[in-house]
Every structure is written in structure tokens, then in C-alpha cells.
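The values are calculated or read from the model by the stated rules, or taken from the named source; none is laboratory data. Predicted, not measured: the structure shown is a model, and the values here were computed from it. Positions of Cβ are backbone-derived with ideal geometry, glycine not excepted, and every protein chain shown enters the neighbour counts.
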Amino acid sequence: MQRLIPTGDPARPVEFADDAQPVPAADEALVRVEAFAPNRGETFLLERPRPGLVPGKDVAGLVVQAAADGSGPSIGTRVVGHPAKGGWAEYVAVPTHSLAVLPDGIDSVQAAALPLAGITALRLLRTAGSVTGRRVLLTGASGGVGHYVTELAAAAGADVTAVTATASRGERLLALGAAAVVHDVAEARGPFDLVLESTGGAVLPLALAKLAAGGTLIWFGQASRTPVTLNFFDFFAGPEGGSIRHFHYAGAPYGGDLATLVRLVGLGRLHPEIGRVGDWGQTARILVDLRERRIRGKAVLTTGAAR
């Protein structure tokens, strides 16, 4: 079979290679991949790939071999999955606890855009607790996670101010329920009960200064790739009291969260924001555009395997 493997060249991060079809473990299903979605964090791993790296965590396709232990979906079932690796290929073995069944109304392109970004958004909001009636500041809002957080938080009754670089991206966030959009965190009109910060660098201290007394800042990313320098005396210029938490989404099983995302999409309550769709022969170029933040929301690649 064909799979995409790292080249170590930032200008052309991946290339096709022949590989053996995966042999699933007893609790894994073999999925024929119809579509996959790279994540910006994966583009960073490709800059200096470790030996044996086979990327790919967000996939949608068809089960062609059911799990030997009897768990999970049967042969012929359309699924979305979140394997630990290996999804940029014709076939991938996925633990059944990290699969969800797709209804007829959701195609593979939509589904592939769900896993990492959608799971992150769900778990981030669970970590934050109830957001109903709370003022929320979200930085880095125009990425895949940001769109999902905006729509989910607004639907739950939060007053969301989204920070994004351009007016066109802001228009979409307003359509998804944001109460306000700013293009620089310094422009945000606080104070905010909750700050969800994913940019890092100089943005985090500015966002912290917007926090209400007793509020919470949750740091969940560093899109700027710039370290944060934080002077805790900044609390006296802002909230004078509050908490800072770090969040990371990872931790299987993922199947329950995937099923929730699928259900919300099916009900029309969640809308995957897909900024680019292409054949997987275009993956190298799209990875560069994703790394350089030239794509709004998610990018999805199709393998041509859909029947």
C-alpha cells in the first residue's frame, strides 16, 4: 500500500512510499482511509522528524477488517477515528475505543475534520466548567480548535470574544456565535471570567491582564511558537487574583467524544470549518500552507478510496 512519510525537507515535508498493510491488534479495526486531516502541530514534527515517524491522527473511512476481539464496528461500517499514528496512508489500524460510526448524512471529508480539534474543544470546555453566562476570551480563534470552541461555547450561553488576525475570519466566527471579534488581544474589552489562550509569546500576558478577579486562564497551545515570559506582578495591573491552568487534550479512549461530535454535526449544531480540501497528492504543499497559517480552520486530504 501507499503511505506518506517524512522527508525532513520543510519545503516538501512528505513523500509517498510503499509499505506493508498494517496488521491490526486484537482490539483494532483495519480502516481503509478515505480522508484524513493534518494538524498544525504535526507540521512542526515534520521539520525534524524522529526516526520511524508515520504521521496521521485524524481519519475517516470504511472498516475492512473488524477487531478480532469482537469489539467495535463490523466490516463495511463507515467510521471516523483517532489513531495514535499512521493515518496518512491507504489503510490504518485503529483501536475500537477510538472509533465512532458515521451516519449517511456525514461524509468522510466532514468527519476527518473532527477528531483532534473537536475532541480538544470538547475537553477544553469540560475543563473550564460551566460557561453559561460567562464572558470568555479566546485567542487563536481562527484555527480548527477555535472554531469548534466558539460554536460550542456560544451555544452553551457564553459571551465569547474571539481574537483573530483578519476581518474575513472574524465574520465566520461571528456567524458561529461569537459576541465580538477583535484582531489584537489588546483590543478586547474585558474583564473576562475565562481566558482560553493558545497563542503564547507576548499574547498570554496581555490576555492575563484581561482576566476578572478570581477568573481562570487556561493555556492550551503555543501557536506563535514563542516562549512566554510572565511577570507575576502583572496580576496587580489586572485581576489581582486568579488561576492559570495548562490543558492538553490527549488520553484515550476517544470514541465517546467522537460520537458526541458526530451527533452534534448530524443535528446541525456543530459545523466543521474546512478551509482546504485536496487530493492527497497535494499533501506536501498543503502542509506548508497549514504550517504558515494560510488555511482557515481545517485542511482535509482525500485518498480517492471512497466508493
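Considering the range 193-214 alone, what residues qualify as being hydrophobic (A, V, I, L, M, F, W, C) and closer than 17 Å to Ser243 by Cβ? Steps first, please.
Here is the first cut: in the range 193-214, the ones hydrophobic (A, V, I, L, M, F, W, C) are 194-196, 202-204, 206-209, 211-213.
Those that are hydrophobic (A, V, I, L, M, F, W, C) and closer than 17 Å to Ser243 by Cβ: Leu194, Val195, Leu196, Leu204, Ala207, Leu208, Ala209, Leu211, Ala212, Ala213.
Which of the helices (runs of 4 or more DSSP H) contained wholly in the range 105-158 include at least 2 residues that are more than 19 Å from Thr216 (Cα to Cα), touching a Lys or Arg at 6+ places or on another chain (Cβ under 7 Å) and of a type in the set (Gly, Ala, Ser)?
So the answer is 144-155.
Hey, does the range 145-159 have a residue that's over 16 Å from Asn39 (Cβ atoms), among the polar types (S, T, N, Q), crowded, with 24+ Cβ neighbours inside 10 Å and modelled with pLDDT of 95 or more?
Our first condition is that a residue be over 16 Å from Asn39 (Cβ atoms); within the range 145-159, this holds for 150-159.
Remaining after also requiring among the polar types (S, T, N, Q): 150.
If we keep only those that are crowded, with 24+ Cβ neighbours inside 10 Å as well, we get 150.
From the residues that got through so far, the ones that are modelled with pLDDT of 95 or more too are 150.
Yes, the conditions are met somewhere in the range 145-159.
List, please: which pairs have Cβ atoms under 7 Å, are six or more places apart or on different chains, and start with a residue in the range 136-160 that is at positive phi and end with one that is assigned to a helix (DSSP H, G or I)?
Sorted first by the residue in the range 136-160, then by its partner, the pairs are Gly140/Gly146.
Here's the yes/no breakdown for (1) of a type in the set (S, T, N, Q); (2) more than 18 Å from Ala252 (Cα to Cα); (3) in contact with a Cys (Cβ under 7 Å, 6 or more places away or on another chain); (4) assigned to a loop (DSSP other than H, G, I, E, B):
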site: Ala17; (1), (2), (3), (4): no, yes, no, no
site: Val23; (1), (2), (3), (4): no, yes, no, yes
site: Val33; (1), (2), (3), (4): no, yes, no, no
site: Arg50; (1), (2), (3), (4): no, yes, no, yes
site: Leu62; (1), (2), (3), (4): no, yes, no, no
site: Ser74; (1), (2), (3), (4): yes, yes, no, yes
site: Val80; (1), (2), (3), (4): no, no, no, no
site: Pro83; (1), (2), (3), (4): no, no, no, yes
site: Gly86; (1), (2), (3), (4): no, no, no, yes
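Examine the range 252-275 for a residue that is within 30 Å of Leu4 (Cβ to Cβ), aromatic (Phe, Trp, Tyr), modelled with pLDDT of 95 or more and not assigned by TED's automatic domain parsing to the domain that holds Pro103, and state whether such a residue exists.
Checking the range 252-275: at least one residue is within 30 Å of Leu4 (Cβ to Cβ), aromatic (Phe, Trp, Tyr), modelled with pLDDT of 95 or more and not assigned by TED's automatic domain parsing to the domain that holds Pro103.
Any idea which of (1) more than 20 Å from Val300 (Cα to Cα); (2) without any contact (Cβ under 8 Å) to a residue 60 or more places away in the chain; (3) in a strand (DSSP E or B) is the one Pro6 doesn't satisfy?
Here Pro6 meets the rest and fails (1).
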